[in-house]
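Note sheet for the following structure.
Since every read-out is calculated from the coordinates, none of them should be taken as a lab result. Since we're looking at a predicted model, the values are computed, not measured. All Cβ positions, glycine included, derive from the backbone under ideal geometry; neighbour counts span all protein chains shown.
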Amino acid sequence: MTAPNRNTLWARALVDELVAAGVDAVVASPGSRSTPLTMAAARNDDLRVFSQLDERSAAYFALGRARRTGTVTPLICTSGTAAANYHPAVMEASEARVPLLALTADRPPELRDSGANQTADQEKLYGDAVRFYKDLPEPAPNDRALRSLRTTVARAVGAAEGADPGPVHLNVPFKKPLEPTRVPDDVPADLDPAAERGRDGPYVDVTPGSPEPGDEELQRLANELATTDHGLIVAGPADPPGLDAEAVTALSHATGFPILADPLSGVRFGGHTRVAPVIGAYDAYLSAAVAGDDADAESAAADWTDPELVLRLGASPTSKRLRKYLAETGADQYQVDPAGRWREAEFAATDLVVAEPSRLCARLSRLVPGGGGDADWRAQWEDADRTARAVHDRETDEDALADDDPVEFHEGDALRAVADALPDPATLFVSNSMPVRDLDRFVGPTTTSVTALGNRGVSGIDGIVSSALGAGSATTDDLTLVVGDLALYHDTNGLLAIDRCDVDVTVVLINNDGGGIFHELPIASFEPEFTESFKTPHGIEFEPLADLHGLEYARIDARADSAADAARVPEDLADAYTRARDADGSHLIEVRADAESSHRTRERLEAAVERAVHGDGSE
């Protein structure tokens, strides 16, 4: 049926092409100028429309969903500041390589730079952060314009999900009428069917691809791996849809290399850990001082062997200690990146391999003869990991854990308690600042199928709740969010998605009354500025927030005065989490912790691990 007006025709063609390109959901925020797009999405039976009141939360919801699926969930908003509120998520999507498509409605060109209400300059609003940008022409009911529109939409989705995935921006101007009211003679009756209704399938079928080494270069790299006894595979945070753990495991078997797996790599958790040497506690015992080039560390780490070659997959690891350690070893480091971009901030890598990491691992595993590597080298890492776990579990007789100051509960214990109680399968989203670092250091490999996610592109604390709920919307896995108090406060609007988007979540809130990560920095010794401007105590009560959004609430106070009370906190948290996990609906479990005490305990555990792994002289 012919569209009632050109705006309806235009928006319908745009949305139809999104669906033809494989899009199955959009996130729309209420607004007037975007009415044609919202109506077209709502009337398309092949689309699920998530309605979000807050554009900033909407953008992070779409980002979280795309991070979980690896495919784009487009955004629809009105003109003005609505579009500007997408910008933080666009930045995160750009740096984390998450596909994102912003469809920002706009005033027609004659109203720009005119003082017209709610009119702003939206052209190239997100600068160089986007992979593709186009200011669409005004809707025009003719064949060539419609063919151009459909082609542009296909190109936009292809760019968002390509070899270098990321955000894409289409600015879409509309004149009134914005509603699907009939305008006589506005749409010709003799439009080309292919232009008006599209083709069978996408108007332009984009075939994705990524570069990879030729046979000669691949064989050269395989020979390097095969002749190296002391090699490492370092799996950093993965780009969506994640590293193929089986391919990485196959290469580990062929080379004999241990896998140092970031918790966000997709390799630390899963059934493959039964047979692969997956290492997870490295942040507890690695430092630049351990590397053999450090003369002061020679006696302390006399039995510690550094790598000769490192194959690096994914983004830069969460662990700063690992990054610094690798920079000091002097090893040949092969940085693998499908877009050929640089992602190694210590500038210690020696080679850049332009290839899709999972496919490269699979190809190399077939070329390396197998049975390589040094068994003692693998044992060094596996023994160090077991030792670190024993210290973290308080199962060691190390003197550092038996002094007059007993080891108290710390926030990392909360991550361990939750991780141990996760269902199988599970999606776990962790906030920036301390939760992701505690996950990295204190939660080891497990056979449980856990998809661990976080926003590590620009590592902000904004949009964490919305990103988690977006990820949950894309899976039937149980969803758990571990978040700090400031991050939760920053995105309380995101909790509206629990009802509006029908997503259940168990939120574990670690409330240390603000700014706990700053205890890790030298500024902590400067008072009163530290408390007044960095730690930022807020005194917020979160139980009313749970009531506001219909979440079942539980509280565990980890600020215990006695070690006996503190020792019960992980068990109490595990019990509360298990009850929430097994119940219907969404839940908020608040763990009240002391940031300074947690920091001191982490320091004492760190010293104990280094003594246990490297000896008394280790720095």
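Just report the Cα centroid separation between the stretch 23-47 and the stretch 190-250, whole Å.
Here the answer is 31 Å between Cα centres.
Please give the residues of the stretch 35-68, grouped as numeric ranges, whose backbone N is less than 11 Å from a label point set 7 Å along the Cα-to-Cβ vector of R197.
none
Which of rounded, prolate or oblate describes the stretch 215-386 when judged by the alpha-carbon gyration tensor and an a/c cut-off of 1.5? Intermediate results must be reported in sequence, preceding the final value.
Details: a/c = 1.37, a/b = 1.31, b/c = 1.04.
Rounded shape, in that the Cα axes give a/c under 1.5.
Between D424 and E541, with labels modelled 7 Å along Cα→Cβ, what's the label distance in nm to one decimal, could you check?
4.2
What FRET efficiency comes out for S525 versus R559 if R0 is 30 angstrom and r is the Cβ-Cβ distance? Round to the nearest 0.05. Walk me through the numbers on the way to the answer.
Details: r = 22 Å, r/R0 = 0.75.
My answer for the efficiency is 0.85.
With no solvent and one equal point scatterer placed on each C-alpha of the stretch 401-613, evaluate the Debye formula and give log10 I(q)/I(0) for q = 0.10 Å⁻¹, two decimals.
-0.42
Once fully extended, how much extra length lies between R43 and V458, figured as 0.36 nm per residue of separation less the alpha-carbon to alpha-carbon distance?
145.8 nm
Report, in whole Å, the centroid distance computed from the Cα atoms of the stretch 512-557 and the stretch 350-372.
The stretch 512-557 and the stretch 350-372 have Cα centres separated by 45 Å.
Return the FRET efficiency for the residue pair R568, D303: r is the Cβ-Cβ distance, R0 is 30 Å, and the value is rounded to the nearest 0.05.
Plugging the Cβ-Cβ distance into 1/(1 + (r/R0)^6) gives 0.20.
Tell me which lysines have Cα within less than 24 Å of K134's Cα, excluding those fewer than 8 residues away on the same chain?
Result set, ordered by chain and number: K124, K175, K176.
Run through every distinct alpha carbon pair of the chain and return the Kirkwood hydrodynamic radius in angstroms, one decimal place.
This gives a value of 26.0 Å.
Restricting to DSSP loop positions (anything but H, G, I, E, B) with no more than 15 other Cβ atoms inside 10 Å of their own Cβ, which chymotrypsin sites (Phe, Trp or Tyr not before Pro) remain in the stretch 317-359? Before the final figure, lay out each step's value.
Working: sites: Y325, Y334, W342, F347; in loops: W342, F347.
Hits after loop and neighbour filter: W342, F347.
Which whole-number value in Å³ per residue fits the convex hull of the alpha carbons of the stretch 68-203? Display every interim value, and only then the final one.
On the way: hull volume 17.3 nm³, N = 136.
Each residue corresponds to 128 Å³ of Cα convex hull volume.
Just subtract the alpha-carbon distance of R359 and S449 from 0.36 nm times their residue separation and send over the number in nm, one decimal.
Extra length available between R359 and S449 comes to 30.2 nm.
Helix-derived [θ] at 222 nm for the chain: sum -39500 (n - 2.57) over DSSP H runs of at least 4, divide by residue count, nearest 500?
Values: 20 runs with 223 residues, N = 619.
Value at 222 nm, helices only: -11000 deg cm²/dmol.
Explain nothing, just the number: dipole magnitude of the chain about its Cα centre with +1 on each Lys and Arg Cβ and -1 on each Asp and Glu Cβ, in debye rounded to the nearest 20.
3060
Give the distance, in whole Å, between the Cα centre of the stretch 152-188 and the Cα centre of the stretch 63-92.
After rounding, the separation between the Cα centres reads 15 Å.
As I understand it, the dipole of the chain uses +1 on the Cβ of Lys and Arg and -1 on the Cβ of Asp and Glu, about the Cα centre. Which of V15, T255, S597 lies farthest toward its positive end?
Checking the options against the dipole of the chain, the answer is V15.
Can you compute the FRET efficiency between D393 and E346 using 1/(1 + (r/R0)^6), with r the Cβ-Cβ distance and R0 = 30 Å? Round to the nearest 0.05.
Working from the Cβ atoms, E equals 0.40.
Taking the stretch 69-137, which GluC sites (Glu not before Pro) meet the DSSP loop condition and have no more than 14 other C-beta atoms within 10 Å?
E123
Taking neighbour Cβ counts within 10 Å as the exposure measure, how do T255, T181, T249 sort from fewest upward?
Ascending Cβ contact count within 10 Å gives the list T181, T249, T255.
What is the diffusion coefficient of the stretch 310-445 in µm²/s, taking the Kirkwood radius over Cα pairs and the Stokes-Einstein relation at 20 °C with a viscosity of 1.002 mPa s?
118
Could you state the principal axis extents of the C-alpha atoms in the stretch 95-155, from the largest down, to the nearest angstrom?
37, 31, 13
Based on the Cα gyration tensor of the stretch 315-356, what are the three equivalent ellipsoid semi-axes, each the root of five times an eigenvalue, rounded to whole Å and given largest first?
Values: eigenvalues 65, 28, 10 Å².
Rounded to whole Å, the semi-axes are 18, 12, 7.
Can you give me the three principal axis dimensions of the stretch 125-173 from its C-alpha atoms, in Å, biggest first?
So the three principal-axis extents are 33, 22, 9 Å.
Would you mind computing the Rg to Rh ratio of the stretch 1-140 from its alpha-carbon coordinates, Kirkwood style for Rh?
So for the stretch 1-140, dividing Rg by the Kirkwood Rh gives 0.95.
Modelling each spin label as a point 7 Å along the Cα-to-Cβ direction, I'd like the D376/V275 distance in nm, to one decimal.
2.9
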